1. Which ones in the stretch 277-305 are under 15 Å from VAL183 (Cβ atoms) and open to solvent by less than 20 Å² (accessible area, probe 1.4 Å)?
2. Looking at (1) open to solvent by 10 Å² or more (accessible area, probe 1.4 Å); (2) within 14 Å of MET209 (Cβ to Cβ), find the lone condition where ALA145 falls short.
3. Just the residues that are within 24 Å of ILE416 (Cβ to Cβ) and open to solvent by 20 Å² or more (accessible area, probe 1.4 Å), please, taken from the stretch 514-530.
4. Within the stretch 397-419, work out how many residues are among the small types (Gly, Ala, Ser) and assigned to a loop (DSSP other than H, G, I, E, B).
5. Considering only the stretch 429-465, how many residues are within 16 Å of GLN486 (Cα to Cα) and touching an Asp or Glu at 6+ places or on another chain (Cβ under 8 Å)?
6. Could you please find all residues in the stretch 511-536 being under 27 Å from VAL373 (Cα atoms) and modelled with pLDDT under 85?
7. Would you confirm whether any residue within the stretch 392-401 is more than 19 Å from ARG548 (Cβ to Cβ), open to solvent by 60 Å² or more (accessible area, probe 1.4 Å) and modelled with pLDDT under 85?
Amino acid sequence: MSVASATTGHALPVAGGRATAREVRRLSRGHRLRLAAVGVAGIVSTAVDLIPPVAIGYLVDRVQTGTADLGTVLTVTVVMALSGALGAAGTAVAIVLATRIYHTVLAALRERLVSRAMTLPQHLVERAGTGDLISRTSDDVTAVADAAPAVIPALTVTAFTIVVSLGGLAALEWPYAVAFAVVLPVYALAMRWYLRTGPRVYRAERAAMSGRAQQILESQRGYATVLGFGLAERRHRAVMSDSWGVAVRSLRARTVQSMLNARLNLGECLSLAAVLVVGFVLVDRGASTVGGATTAMLLVLRLLGPVNQLLFVIDTLQSALASLSRMIGVVTMPTVDAADASTRSADPADPAKTATAVRLREVAFRYADGPLVLDGIGLDIPAGQHLAIVGPSGAGKTTLAAVIAGVHRPDAGTVIRPSGTAVITQEVHVFAGTLRENLTLAAPDATDPEIRAALETTGAGGLLDLSADALDTVVGIGGHPLTEAQAQQLALARLLLADPELAILDEATAEAGSAHAERLDRASEAVLAGRTGIVIAHRLSQAATCDRIVVMDAGRVTETGTHDELLAAGGTYERLWTVWQAGQHISANR
C-alpha cells in the first residue's frame, strides 16, 4: 500500500500505460509536422556524424600504405570539422524543436490538470487527502518538466544515432555489426531488470512524497489546534516519520540507479572486447584493413555513449513517467461519477421536483470506518423556503449540510438538490488579487455595477473605500488585510453574484463576533432572499427568522417546525433558546 493510500485509504487514481500513451497522443495531435521535422533533423545530423570515423579510418589506411601527405591530413581535417559543425547544427535543431513540442504539450497537460483539479468533487479530494492532489500539481509537474534536459536529447538524437551507426557498421563489414549485436542481450537483460524494478520503486517514492505533503499541509492548516492542544511534538514526529519514509524510498531509487550503471558498464566492456576480437580476426585474414577496424572501433565507441545514455535516461524517464501517469490519472477522471446514483440534481421538467428543491430519503453517512454521523435522515425543503438546522455540538449539522451540497456522498439513501448549489462555510478565504477578481470568481461575466450592487446589498460597500482604486484594490496576501467580518461580507457578495438556486450557509457568519452579528445577519437574509436557503445556525437569532427549523441530535432529526411551534413544544429547541437568551442577557449586562 502506498503512503498516500495508507493515510487516507482512497488515493486519487493513477493512469495505466495505455491511458497515459493515449492521452499523450491526443495532446500531440497538433504537433505532427514538427515531430516529423524532428525526425528528419535527427536522421540527417546522425548520418553526418558518421563521416569523422570513416575519415579517420581512411587516413589510417593511407598512412599504412605510405600514400598520406599533408594534403590528405588537411582534407581529412576539413571534412571532419565540417561534418562536426553540420552534425552539431542538426542536433541543435532537433533538440530545440523537440523541447518546444515537449513543453507545449506539458503546458497543455498542466492546464488540463489544474482545470480538472478545480472541478473534482470535494468528497473525493478529502478522502484522498489534499496533499495527494497538491503533490500531483506541484511535485509531479516539476518532475516531468525537469526531465526534459535529459530525456529530450536521448529520445531525439540518441535513438537515431544507434540506428544509423548500426547501419554504418553493417555497411563497413557485417561481422562488426554482428559482434556488437551479440552483446545487445546484455543491454536487453539490464533493461528488463530495470523495467521490472524501477517503476515500482519510483511510484512508491512519489506516493511517499504525497504522504509527506499531506502531513505538512494538515499541520499548517491546523496550526491553531496544534498549539492549543499541545500537539506540536506529535505533529513533528508524524512529519519526520513521513520524511524518513521519503528518504528511504529515495535511497532505494538511487540504489536501483547505481545497479543499472553497473550493468551498463559491463555491456560497454563486452562490446569493446567483441569488436576488437572480430577486428583482429578480420585484419589477420585480410578481410578488413586496419583503417576499417579503426572505423568500426570508433563507430562502436560512438555507439556506447548513446546506448548508455538511452538506457541511463530510462531512470529519469521512469521517474517522469510515474509522475506523468499520476497527473493523467487526475486529468482523465470522469467528470461525473457514474456510480454516484445517491446524489443527483433535480429535474426542472418534473413539477414535483421543482416544488421541492431538496429531498433526502433515509440518508446515512459515516467518516471512513467510524460510527454513523447521519442516520436515516429524511427531509423535504420546498423551493424558496429558508431552513435552519440547529442542535448541540456534534449533532451532525455540518455533515448534513456537506451531504446536501454534494461535498460528501451518502453511504445510504438518496439526495436530490438543485444543480445550482453554493456553500459558504465559516472558513472564508480571501484570494490574493483585486476586489473585482475575488468577487467574479463564480460570476466571471458580472459587470462593475452588478458587483457594486452586491457589495451594497451585503453591507460591504465600505470595501470600495479601502483605497482610491475601488474595485481594483488589492486584498489578501500582499494587499489590504480584511477583518473577519469584511471577509465574510465578501463571501456573501460573491455568493449573491453567483446567484445559485440553493444557498447553504454553514455558520458562515460565526467568526465575526457579536459586534458585527446584526449586520451580518441582515446580509445573510439579503443573500437568501428569493432562493432556497439552508442555514447552519451559530446564533439562534438566525434560526428564528427562517421559515422552518430542524433540530438535530446524534445524527438524527428530532424536531421540526417554525420558531413559535418549537418554543411551544417545550423540547430541545426551547431549551436551547432559553440558554441562548440567557447568554445574550449576560453579554449585554457586561
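The values are calculated or read from the model by the stated rules, or taken from the named source; none is laboratory data. The structure presented is a predicted model; accordingly, all values stated were derived computationally and were not measured. Heads up, the Cβs are rebuilt from the backbone with ideal geometry, glycines too, and the neighbour counts pull from every protein chain shown. SASA here: full protein model, heavy atoms, side chains in, ligands and nucleic acids out. Shrake-Rupley method; radii C 1.70, N 1.55, O 1.52, S 1.80 Å.
1. GLY279, ALA296, LEU299, VAL300, LEU303, LEU304
2. (2)
3. Here is the first cut: in the stretch 514-530, the ones within 24 Å of ILE416 (Cβ to Cβ) are 527-530.
Passing the criteria: ALA529, GLY530.
4. So the first thing to find is which residues in the stretch 397-419 are among the small types (Gly, Ala, Ser), and the list is 401-402, 405-406, 412-413, 419.
Those left that are additionally assigned to a loop (DSSP other than H, G, I, E, B): 406, 419.
Number satisfying all stated conditions: 2.
5. 4
6. Listed by number, the list holds a single entry, GLU511.
7. Within the stretch 392-401, one or more residues are more than 19 Å from ARG548 (Cβ to Cβ), open to solvent by 60 Å² or more (accessible area, probe 1.4 Å) and modelled with pLDDT under 85.
Listed here are the residues, each with its yes/no results for (1) in contact with a Ser or Thr (Cβ under 9 Å, 6 or more places away or on another chain); (2) surrounded by fewer than 16 Cβ atoms within 10 Å (Cβ to Cβ); (3) of a type in the set (A, V, I, L, M, F, W, C).
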| position | (1), (2), (3) |
| --- | --- |
| ALA107 | no, yes, yes |
| GLU111 | no, yes, no |
| VAL114 | yes, yes, yes |
| ALA128 | yes, no, yes |
| SER138 | no, yes, no |
| PRO153 | yes, no, no |
